[in-house]
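Presented below is the structure to which this report refers.
The values are calculated or read from the model by the stated rules, or taken from the named source; none is laboratory data. These figures come from a predicted structure and were not determined experimentally. No Cβ is skipped: glycine too gets one built from the backbone with ideal geometry, and neighbour counts run over all protein chains shown.
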Amino acid sequence: MTAHFVHEMDRLHREILSMCSSVEELLNEAVKGLQQPTAELGAELNVRDHEIDELDLRVEEDCLKILALYQPVAQDLRRVTAVLKISAELERVGDLAVSIADRASAIAAHRDFPLPERLGQMASDALSMLHDSIDSYVDMDSEKARGVCRRDDAVDRMNVELLNEVRQTMMKDPQLVDPGMHLFSAIRHIERVADHATNIAEDVVYLIDGQIIRHPRIDRSNIRPWQEPRPTA
């Protein structure tokens, strides 16, 4: 392990942490916008999302450079692979945050639309899952990551309940259809945030334990797990 390799890995770690912080902050602002919508929020967050896109490209380029120049193995290889995948998940969360803010800006023109009481709870749960999935990476804590995965079903159930509630509200008054459709999209976006948080947590489990836990219903009996090659004599 050369000093250059250690330096590149440290820089990669700092870049992904910076991206985590930026995405979490962006999503917090978007969710607040649903409770206190303003017409300008979508445009404001869109500008900040460009910075996240730039970070995503930088992380990807650095990961590919490390793979090409240093050919890491074992946990170093898993770390580079996990960071590459986590970066992609974070970039998508940033896009969702902008979309949520856009929907909030549209809802701002219809302040008489009744927001579901549990919307704040669902958003809080999704934010908490994202925060904990990031913490599990920082702390290298696979148990915390597995806990994030277990919480996704609760957000999925809330998603269905809230969408049904919004649908019932729109059926009562045709004038509420337009803001209702914007809110419908925002709720779906929040549910997707929880999905991305789960994906990040699964990547963390792979990084720490070397175990792929995606798609648990698939029969893995015929899938041979990858093993690190033994050094030749």
For residue 108, indicate whether it is modelled with pLDDT under 95 and at positive phi.
no
Condition broken by residue 231, with the remaining ones in (1) part of a helix (DSSP H, G or I); (2) modelled with pLDDT under 90; (3) more than 30 Å from residue 109 (Cβ to Cβ) satisfied:
(1)
Can you find, within the stretch 111-170, the residue that is surrounded by the most Cβ atoms within 10 Å (Cβ to Cβ) among those that are of a type in the set (Val, Ile, Thr) and over 18 Å from residue 193 (Cβ atoms)?
169
Would it be correct to say that residue 43 is more than 20 Å from residue 134 (Cβ to Cβ) and among the small types (Gly, Ala, Ser)?
yes
Out of the residues in the stretch 12-58 that are modelled with pLDDT of 95 or more and among the β-branched types (Val, Ile, Thr), which is surrounded by the most Cβ atoms within 10 Å (Cβ to Cβ)?
23
For the list (1) closer than 30 Å to residue 183 by Cα; (2) touching a Lys or Arg at 6+ places or on another chain (Cβ under 8 Å), I need the number of the one condition that residue 62 fails.
(1)
Selection from the stretch 57-114 of residues that are of a type in the set (S, T, N, Q) and out of contact with any Cys (no Cβ under 9 Å at 6 or more places or on another chain):
71, 75, 99, 105
If we ask which residues in the stretch 16-39 are of a type in the set (Val, Ile, Thr) and either free of Cβ contacts under 8 Å to residues at least 12 places away in the same chain or under 13 Å from residue 52 (Cβ atoms) (or both), their number turns out to be 2
Within the stretch 64-99, how many residues are closer than 21 Å to residue 197 by Cβ and not β-branched (Val, Ile, Thr)?
16
